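J.: Shown below is the structure under consideration.
The values are calculated or read from the model by the stated rules, or taken from the named source; none is laboratory data. Not measured: the values here are computed from a predicted model. Virtual Cβ from ideal backbone geometry, glycine too; neighbours counted across all protein chains shown.
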Amino acid sequence: MDFNGDGVNSGHGNSARSAERLGFLTRSVHVGNGIDAETGAIRRPITMANSYALPYDPSDINWSSAEGSIYTRNGGANQRYLQEKLASLEDGEDCVVLATGVAALSGVFFAFLRSGDHVVVSDSTYIAAYRLLNELMPQKYGVRSTLVDSSDINAVRSAVRAETKLIHIETPSNPTIKVSDIAAIADIAHEAGALLSVDNTFASPYNQRPISLGADLCVESLTKYVNGHGDAMGGAVIGRRDLIDKIRAEAMVNLGGAISPFNAWLIMRGAVTLPLRMEQHNRSALSVAEFLEGESAVRFVSYPGLASHAGHELAKRQMPRGFGGVMAFGLRGDHDAHNDFVSRLEVITSAVSLGHDESLIVFLGEKDERQHLYSSEFHDGFFRLSVGLEDTEDIIGDISQALRKTGF
């Protein structure tokens, strides 16, 4: 299906507008895809070229332009197809796809922050975002940052200064699974003349749409749920066209953060099944979280689907389809007990990342450099568990047998 009707996808949100009347599952399948003009194939091919044919007189070409096809660092065909799909799924005007989720974060910060600017950022956030805004940007460029509990609206409002240009939040956050009110924080940002960027990776566009809730920019690590298979890396920023054009020009073309055509193709393929996978992640994770909450060996569970979670009511409004597949929990044991538990797991894999088909767990011990920012229940070490697509009973059974073998 070609929403533009010309056999060519523009990569600048046209198909997103044309497909507004269609449901999320239909857009997941069709937007960005089309009939290949050369072969008649109904699936877009991988275009691995790094250069494209120039016109008769190329002397007036802007060699840093992301328009059209010049050089794959400036944007390639597979990248453009994926951008169309993501802009549609996130309810945004436009999208830029980059090499990794961190490239997407860096693109936002590089494009919109200057020396002397101030940024307010969630105190529970991905380690790369923490280092970029708390260390590298201040040290190298004189950008100041304030870490706040973004689940506390008053704390966010109090942190804003006259020179605040950006508020950046994660919700649910990595790794403590805090939930922040996107619409309320968007109001705070806009009253201050600042932008709001939201890292939506833990929710995915299936569960949560930050743009529709008032955010200016939505960041996704495509490596996680959108790809869903643990075999390709990518990142995306979605938002208004003028904002995305700035990131595309400054952070993709001139910093060289372009995604490879093959990775873009893999992620495009994975995105087709995003809604089906998220339904299973949502259902299974809620069951696992409820099981963990009932276990005497478990010290705490942080998952927005549980009524005990401080952000549960907000999450129900903000994430109407489900609460995602990631949770945090800790055991009533010491450092070694946590590691012993992981060593006993047979179905769940000890590895970083999340949103894969397989369940993944990582132990975040007392040496985590961000631990002083976390509430007390996280201080004795805890797990981040990404619930995969295995049978729910097998995941719960694996946790249960590992607890028994650890001595709980």
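J.: Arg80: of a type in the set (Lys, Arg), out of contact with any helix residue (DSSP H, G or I) (no Cβ under 8 Å at 6 or more places or on another chain) and in the same structural domain as Gly214 (by TED's automatic domain parsing), yes or no?
T.: yes
J.: What residue, among those in the stretch 239-252 that are in contact with a helix residue (DSSP H, G or I) (Cβ under 6 Å, 6 or more places away or on another chain) and buried (at least 20 other Cβ atoms within 10 Å of the Cβ), is nearest to Leu217 (Cα to Cα)?
T.: Ile247
J.: Somewhere in the stretch 56-68, is a residue touching a helix residue (DSSP H, G or I) at 6+ places or on another chain (Cβ under 7 Å) and of a type outside the set (Gly, Ala, Ser)?
T.: no
J.: If I filter the stretch 336-354 for residues that are more than 24 Å from Phe408 (Cβ to Cβ) and of a type in the set (Lys, Arg), do I get at least one hit?
T.: No, the stretch 336-354 contains no residue that is more than 24 Å from Phe408 (Cβ to Cβ) and of a type in the set (Lys, Arg).
J.: Answer with yes or no whether Ser158 is modelled with pLDDT of 95 or more and assigned to a helix (DSSP H, G or I).
T.: Judged against the criteria, Ser158 is a match.
J.: What helices (runs of 4 or more DSSP H), lying completely within the stretch 274-359, carry at least 3 residues that are under 22 Å from Gln401 (Cβ atoms) and touching a residue at least 12 places away in the same chain (Cβ under 8 Å)?
T.: Of the helices (runs of 4 or more DSSP H) lying wholly inside the stretch 274-359, those with at least 3 residues that are under 22 Å from Gln401 (Cβ atoms) and touching a residue at least 12 places away in the same chain (Cβ under 8 Å) span 274-293, 335-344.
J.: For Gly235, are the conditions met, namely being over 22 Å from Gly305 (Cα atoms), in the same structural domain as Cys95 (by TED's automatic domain parsing) and of a type in the set (Gly, Ala, Ser)?
T.: So Gly235 passes the test.
J.: Can I ask one more? Please go through the stretch 225-242 and pick out each residue that is among the aromatic types (Phe, Trp, Tyr) and over 12 Å from the mean Cα position of the chain (by Cα).
T.: none
For every residue, the table says whether it meets (1) in contact (Cβ under 8 Å) with a residue 60 or more places away in the chain; (2) surrounded by 21 or more Cβ atoms within 10 Å (Cβ to Cβ); (3) in contact with a strand residue (DSSP E or B) (Cβ under 7 Å, 6 or more places away or on another chain).
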| position | (1), (2), (3) |
| --- | --- |
| Phe109 | no, yes, no |
| Arg131 | no, no, no |
| Val160 | no, no, yes |
| Leu166 | no, yes, yes |
| Ile169 | no, yes, yes |
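J.: Can you tell me which residues in the stretch 382-399 are farther than 23 Å from Pro175 by Cβ and either part of a loop (DSSP other than H, G, I, E, B) or in contact (Cβ under 8 Å) with a residue 60 or more places away in the chain (or both)?
T.: Asp391
J.: When you check Phe291 against the structure, is it surrounded by fewer than 17 Cβ atoms within 10 Å (Cβ to Cβ), out of contact with any strand residue (DSSP E or B) (no Cβ under 8 Å at 6 or more places or on another chain), at negative phi and of a type outside the set (D, E, K, R), yes or no?
T.: No.
J.: Continuing with the same structure: Of a type in the set (S, T, N, Q), part of a helix (DSSP H, G or I) and buried (at least 24 other Cβ atoms within 10 Å of the Cβ), is that true of Ser88?
T.: So Ser88 fits the description; yes.
J.: Of the residues Leu217, Leu222, Leu195, only one is under 12 Å from the mean Cα position of the chain (by Cα) and within 16 Å of Ser150 (Cβ to Cβ); which?
T.: Result: Leu217 is the single residue among Leu217, Leu222, Leu195 that is under 12 Å from the mean Cα position of the chain (by Cα) and within 16 Å of Ser150 (Cβ to Cβ).
J.: I need the full set of residues from the stretch 325-351 which are modelled with pLDDT under 95 and under 21 Å from Ala203 (Cα atoms), in order please.
T.: none
J.: Here's a follow-up. In the stretch 173-223, what count of residues is obtained for those that are closer than 16 Å to Leu86 by Cβ, surrounded by fewer than 24 Cβ atoms within 10 Å (Cβ to Cβ) and among the β-branched types (Val, Ile, Thr)?
T.: 1
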